[in-house]
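Some notes on the structure that comes next.
The values are calculated or read from the model by the stated rules, or taken from the named source; none is laboratory data. Remember, it's a predicted structure, so these values are computed and weren't measured experimentally. Quick reminder, even Gly has a Cβ in these numbers, built from the backbone with ideal geometry, and neighbours come from all protein chains shown. Calculation scope for accessible area: heavy atoms of the full protein, side chains included, ligands and nucleic acids excluded. Shrake-Rupley method; radii C 1.70, N 1.55, O 1.52, S 1.80 Å.
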Amino acid sequence: MDRKPFIAGNWKMNTNSAGAAELSAALVERIGAVAAVDVAVCPPFVHLAVVGELLRPSKIALGAQDVFYENDGAFTGEISAAMLVDVGCRYVICGHSERRHVIGETDELVNRKLLKCLTEGLLPILCVGELLSERQAGETRDVVSRQVRLGLEGLSGADAGKVTIAYEPVWAIGTGAVATVDQAQEVHKMIRALLAELYDTPTAEGVRIQYGGSVKPGNAAELLACKDIDGCLVGGASLKADDFAAIVQAGM
Ligand code: PEP
């Protein structure tokens, strides 16, 4: 099945308002008209509205880096799915490894966030991936399967089809250590087989699975050439317009 490549940039806790505006304008100029690849950027919450305005004339979609599962009320510091819809978000990163391992998010919490995104019409990007110690202990398959199963718990096949899964080996995020194409493809294939088991083959064939972990212009093409790698979630390189544009172009 042909899956349209999907490249998303995760700006993490970077950029001030001037920098976010400058980066957005540079991306609109370089890749704003790209239609062969779905492209999204996920700035910090405080820049969503401004970046969303700047992206409006382009095909680049707006995403958020996180969401809370309640609608409104006494949840100091949190941001609801409806608020993200209101500022023009289409995608939401759920369960990024930095939220799992620095903030302490559990699979159950991540699942609640996915369910809320889907009820509000937002498209979740479910991040999964093993720690270096887990890979060395031969636990990659178990860890990633658990994160996918629990992350998607309670989702219908139709809703699962709206989710993008981002496989991001934690040891490759921000470290410069990229998984080899064989290592990445092996886990992507395993995730797709698991989706077929949890749902059915057409659903599994329709879900886009991104790779994330030190993706750069120099390694994007070989990763994207793999059968089960349908795009990339890009951290560091998404902060440089030329690099992010080159990664998008590698997906065309
Ligand atoms: C990420 O933030 O999801 C990521 C993969 O970061 P980097 O590309 O910097 O490794």
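Volume per residue for the stretch 1-88 equals 106 cubic angstrom (convex hull of Cα atoms). Can you figure out the FRET efficiency of Glu22 with Ala177, using R₀ = 25 Å and their beta-carbon distance, to the nearest 0.05? Once the sixth-power term is evaluated, E becomes 0.25. The charge dipole of the stretch 111-232, taken about the Cα centre with unit charges on the Cβ atoms of Lys, Arg (+1) and Asp, Glu (-1), comes to about 280 debye, rounded to the nearest 20. Let's test the formula: R0 of 25 Å, r as the Cβ-Cβ distance of Lys240 and Thr119. What FRET efficiency results, to the nearest 0.05? So the FRET efficiency works out to roughly 0.10. In plain terms, the chain from Glu53 to Ala36 could stretch by 3.9 nm, reckoned as 0.36 nm per residue minus the Cα-Cα distance. For a straight C-alpha distance cut-off of 22 angstrom, the lysines reachable from Lys240 (same-chain residues fewer than eight places away being disregarded) are Lys12, Lys59, Lys216.
What the Cα convex hull of the stretch 106-217 gives, in volume per residue, is 108 Å³. With just the Cα atoms defining each centre, how far is the stretch 51-105 from the stretch 129-193? Give it in Å. First find each Cα centre; the distance between them is then 21 Å.
Ligands, DNA and RNA left out, the 1.4 Å accessible surface of the stretch 36-140 is 53% carbon and sulfur atoms. Note on Ala196 and Glu108: the extension gain reaches 29.5 nm, defined as 0.36 nm multiplied by sequence separation minus the Cα-Cα distance. Once the gyration tensor of the Cα atoms in the stretch 201-241 is diagonalised, the equivalent ellipsoid follows with semi-axes of 23, 11, 6 Å, ordered largest first.
For Leu126, nonlocal amide neighbours, meaning residues 5 or more places apart or on other chains whose placed amide H falls under 5 Å from its own, are Cys94, Thr164, Ile165, Ala166. Listed by chain and number, the lysines whose alpha-carbon sits under 17 Å from that of Lys227, ignoring those within fewer than 8 places in the same chain, are Lys4, Lys189. Here the simple spin-label model places points 7 Å from the Cα toward Cβ, and for Ala221 and Gln136 these points are separated by 3.5 nm. Residues in the stretch 195-252 average 37 Å² of solvent-accessible surface per residue, probe 1.4 Å, ligands and nucleic acids excluded. Entry note, the chain: the mean residue ellipticity at 222 nm calculated from DSSP H runs of n ≥ 4, each adding -39500 (n - 2.57), is -12000 deg cm²/dmol after division by the residues and rounding to the nearest 500.
Expressed as a fraction of 2.2 N^0.38 Å, the value expected for a compact globular protein of N residues, the C-alpha radius of gyration of the stretch 96-161 is 1.16. For the stretch 234-243, backbone phi angles converted through the Karplus equation (6.51, -1.76, 1.60; θ = phi - 60°) give residue-by-residue couplings of 10, x, x, 6, 7, 8, 10, 4, 5, 5 Hz, Gly and Pro being listed as x. When only the Cβ of Lys, Arg, Asp and Glu is charged (+1, +1, -1, -1), the dipole of the chain relative to its Cα centre reaches about 360 debye. Globularity index of the chain is 0.93 (Cα radius of gyration / 2.2 N^0.38 Å, N = number of residues). Can you find, among Val143, Ala184, Ser156, the residue farthest towards the positive end of the dipole of the stretch 122-239? Put +1 on the C-beta of Lys and Arg, -1 on that of Asp and Glu. Of the options given, the answer is Ala184. Please check which bits of the stretch 93-137 a label hung off Glu186 would reach, taking the label as a point 7 Å along Cα-to-C-beta and the cut-off as backbone N under 20 Å. In the stretch 93-137, the label zone of Glu186 (backbone N under 20 Å from the point 7 Å along Cα→Cβ) covers 128-137. Under the convention that each Lys and Arg Cβ holds +1 and each Asp and Glu Cβ holds -1, the size of the dipole of the stretch 42-112 around its Cα centre is about 380 debye.
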